[in-house]
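The values are calculated or read from the model by the stated rules, or taken from the named source; none is laboratory data. Model, not experiment: these values are computed from the prediction. Cβ atoms come from the backbone with ideal geometry, glycine included; neighbour counts cover every protein chain shown. For accessibility, only protein heavy atoms count, side chains too; no ligands or nucleic acids. Shrake-Rupley method; radii C 1.70, N 1.55, O 1.52, S 1.80 Å.
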Amino acid sequence: MFEVMLRPRLFLIDTFGFIFRAYHARARSGAPPMRTSTGLSTEAVYIFHNMLRKLLTTYKPEYIAAVFESVEPGFRSDSFAEYKANRTEMPQDLGEQIPYVRKLIEAMRIPILEFPRYEADDVIGAMAHGAEESVDVVIVSSDKDMLQLVTDRVSMLNPMKDDMWYTPATTQEFMGVPPSGVADLLALKGDAIDNIPGAPGIGDKGARDLILRFGSVENALEHAGEVERKMYRESLLNNRDQILMSKKLATIDTTVPVEWSLESVQAQEPDVPALKAIYKELEFFSLLKEAGPQESAAGRDYKTLAAGEEVDAFLVEIPADVPVSVVVNSTLAGLAWKTGQARGIPVEFLPRLKPLLEDRARPKITHDVKSTMMALAKHGIHACCFQEDVMLHAFLLASDPSSCGLDVMAEKFLDRKLAPTVEQRADCILELYSKISAEVGTRGFRNVYEDIDLPLSHVLARMEQTGIRIEPVQLGVLSQRLDAEMQRLAGAIYTAADKEFNINSPQQLGKVLYEDLKLTAPVKYGKGKNLSTAADILEALALEHPIAGLVLEYRQLSKLKGTYVDALPMLIQSDTGRLHTTFNQTGAATGRLSSSNPNLQNIPIRTELGREIRAAFVPREGWKLVVADYSQIELRLLAHMSGDPVLVDAFRRGEDIHTRTAAEVFRVSPLFVTPDMRRNAKTVNFGIVYGQTPFGLAAQLGIDRKEAERYIKSYFELYSGVKKFIASTMEEVRKSGVSKTLFGRERPIPDMHARNPSARSFAERTAVNTPLQGTAADLIKIAMIRIDRILMGRNMETRMLLQVHDELVFEAPVSEADAVKDLVKREMESVYVLDVPLLVDIGIGENWRDAK
């Protein structure tokens, strides 16, 4: 028996060739672009990384090198100035990724080879030719030109075609000629990519037939007179020099004097820390998790203190001027003042922490200062001087709600997998502070943080602690009404369907709509999936059959009943008898506040049922609710930011902006504007703010697209400054990659250059809307801070209860109600000087509905 000895393999990667083809293949697929939170394109790096990782894992090469193209022109350009002239300039979002590809290859410890004035093809050819005597060579490429290098010892692997391997036999099958004839084939048929002219009139089949018959270009030229087909014969006879030059351009030069050795391309283990650094920078978090064990608590000094004396001894050690990180849960508090050391303190010892936590001279750090202060308040500690909140820092830096959780931040910034212990979390917060707080200043967010975000957290804490009363009896009556109405609608739906079924089941509803009633079916969302019964589909079907409209109405009532009418009474806290929602400062990328448990932002304002739900929100016995609402704040901000003279003048004069727009759009005198005209104009006005397209406007108003286009055209003729503002805003965001509010808050808009039209269109709408919606959010936040400060400073009993979009709700004793009304209106309207006046609608009432 003889043992079969397998030869080692050298893998040569056609780096640029693969990156370009992968990039353009993804573009053609319509897949959305990959971006970091700062807008950096990453898809080419990600695809190339996955190819490399699969290559290394699957084939375990003994030798490997990544070959790069020389940036300097080579001998082919000297021979033919138009060589590769057809190639377009590298896309910007691809060019910015090339340095990261190099860094990735270096971190994987794969040697990089490039030689001045030599193309990657020639370097690979020379290396393959020189190495095939001692190793088997595998060319990793998707470039058919490389197939001319294939021999019994040199193969080609194409990762773009499911790891297709090319041997001499498969090359012959794929190209129609053996590897030795590939350059000749290209010389005759030409190559549009490299701008190789070839032989005029001879295409792929003709070139292949000629090479198979004569063996080479030179032999075909020598026997041109024997070619029967006139076009081919004359092309060979009349273009000899061009054809020979084309072969020279197409032939890979395996004799170029590149210097390398087999030892210099020996495979090595990757540099894991360097790889992880790249993963973090490019936000490849799934790869980061796979890169090996993340930093743990090993080597760190963590301990839970078991006695009061131990707590006292620990507190004495803390220098008076160093920041202290604080975490609180239901049983323990965690404190850390130097990285790598933290202590857990049982809640029964919290009184011993009171002097430190209430000391205004002691700087303190946490994650989510609002929650931390509220947790401490339950133990009678009125904590103060929390100067830094790493959650708010993270949100300012990325405007990404998903990036603000402590566990996510630990993985992203520290490469740490956090355990739920207070010691680890306190230590992590301290380290995060040292890592990212300086960036808040260097990127210009310090004023936004100190003037808006941090003080607002204290205001929100007081609002959450106060809560609001609701009337369960009012909601109980409304629940019965909804039950009756839903039963009526269900009966109408069953009649329309001629059968009873589970209206809440998408499968059963889909069967009724598309199989029983034969309504127009939407496109399936993938093999085996049910036909959609989503709201937008039902809205379209409502024009075809009344059952769709009935189902939409039924769903709306069901949602209101389940989310609010039946759910709110169950959320009343027994100890306060009030509802305590949670306000989230990092819940929306625009900077708007959101709320949860319950979410009060989505209670319908304009429907009768929404107003009935609001009627259940009441003040404490004998008090009043004061409700203030900014009027058309985003349109006023649009006037200010665009400087449009007509829009500015209209607001300064106190004109009804919707009536003025309606008069222009419908070309009638303002006196003849009907309520329907004004309603449609209102849709246009707000639609412009949200980047509404003619298609969307047509659907919303129930008009044809041409009419919607006319509305929008008329709008921009009236408010030409708005059109310029939209264009200039988009252009600025295309350059900077971020959209900014009036106060400097930023939101990355990474898809402004996206190749996917829908992604790019959404990015453009977001770029225009964010400065308006984000600035409106900042204005009401500043007003809240100022009003709260005045109420506290004057020792008034009035308390701020709710913030919902552009609206504030207060609870005031009767003796303070009128003064609070004047105070709130004044502060909200004077919060910032714009080119147009801010206007606040404000009222006093027995409930949220009636205080309007």
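Remarks
- Charge tally in the Cβ shell below 14 Å around residue 512, where Lys, Arg are +1 and Asp, Glu are -1, residue 512 excluded: -2
- Dimensions (Å) - the stretch 627-680, Cα atoms, principal axes, largest first: 31, 28, 18
- The stretch 789-852: relative contact order as a whole-number percent, Cα under 8 Å and 6+ apart: 19
- Cβ-derived FRET efficiency at R0 22 Å, residue 379 paired with residue 407, nearest 0.05: 0.30
- A protection proxy built from the mean count of other Cβ atoms within 10 Å ranks the segments 615-624, 124-133, most packed first, as 124-133, 615-624.
- Debye intensity ratio I(q)/I(0), log10, the stretch 384-429, q values 0.26 Å⁻¹ (C-alpha model): -0.98
- Cα gyration tensor, the stretch 776-837 - rounded (a/c under 1.5), prolate or oblate: prolate
- The slack in the chain from residue 96 to residue 435, taken as 0.36 nm per residue of separation less the alpha-carbon distance, amounts to 119.5 nm.
- Helix-only [θ]222 nm of the chain, DSSP H runs n ≥ 4, -39500 (n - 2.57) each, per residue, nearest 500: -14500 deg cm²/dmol
- Whole-percent carbon and sulfur share, accessible surface of the stretch 459-614, 1.4 Å: 51
- Additional length obtainable on full extension of the chain from residue 556 to residue 693, 0.36 nm per residue less Cα span: 46.7 nm
- Among residues other than residue 271 with Cβ under 12 Å from its Cβ, the summed charge is +1 (Lys and Arg +1, Asp and Glu -1).
- Taken over the alpha carbons of the stretch 226-324 as equal point scatterers, the Debye sum produces base-10 log I(q)/I(0) values at 0.18, 0.20, 0.23, 0.25 Å⁻¹ of -1.03, -1.08, -1.17, -1.25.
- Distance histogram for the stretch 556-656 (every C-alpha pair counted, 10 angstrom bins, percent rounded to whole numbers): 12, 30, 31, 19, 8, 1
- nm² value of the averaged projected area, convex hull over the Cα atoms of the stretch 659-815: 13.0
- Per atom type, the stretch 686-802 shows carbon and sulfur on 53% of its accessible surface, probed at 1.4 Å.
- Take the Cα of residue 263, step 7 Å toward its Cβ, do the same at residue 285, and the gap between the two points is 4.6 nm.
- Rounded to the nearest 10 Å², the accessible area of residue 338 at probe 1.4 Å: 90
- Nearest-10 value in Å² for the accessible area of residue 421, using the 1.4 Å probe: 60
- Amide H partners (placed H, <5 Å) of residue 738, local residues excluded: 749
- Rounded to whole Å, the principal axis extents of the Cα atoms in the stretch 314-371 read 28, 24, 24, largest first.
- Heavy-atom surface of the chain, accessible at 1.4 Å and reported per residue (Å²): 45
- Dimensionless Rg over Rh [the stretch 808-852; C-alpha; Kirkwood]: 1.02
- Order by protection proxy (mean Cβ within 10 Å, highest first), peptides 477-487, 238-248, 759-769: 759-769, 238-248, 477-487
- Over 18 Å between alpha carbons, listed pairs 276/338; 103/161; 189/247; 161/289; 144/189; 54/412: 276/338; 103/161; 161/289; 54/412
- In angstrom, the C-alpha Rg and Dmax of the stretch 352-409 are 12.7, 38.
- For the chain, the longest principal axis of the C-alpha atoms and the axis of helix 705-718 are separated by about 70°.
- Here the stretch 220-315 exposes an accessible surface that is 49 percent carbon and sulfur, computed with a 1.4 Å probe and the other protein chains kept in place.
- Per-residue ³J(HN,Hα) for the stretch 589-601, Karplus 6.51 cos²θ - 1.76 cosθ + 1.60, θ = phi - 60°, Hz, x for Gly and Pro: 4, 6, x, 5, 6, 10, 9, 8, 6, x, 7, 8, 6
- Part-to-part distance (alpha-carbon centres) for the stretch 394-408 and the stretch 526-578, which is given in Å: 31
- For residue 662, net neighbour charge (Lys/Arg +1, Asp/Glu -1) across residues whose Cβ lies under 12 Å away: +1
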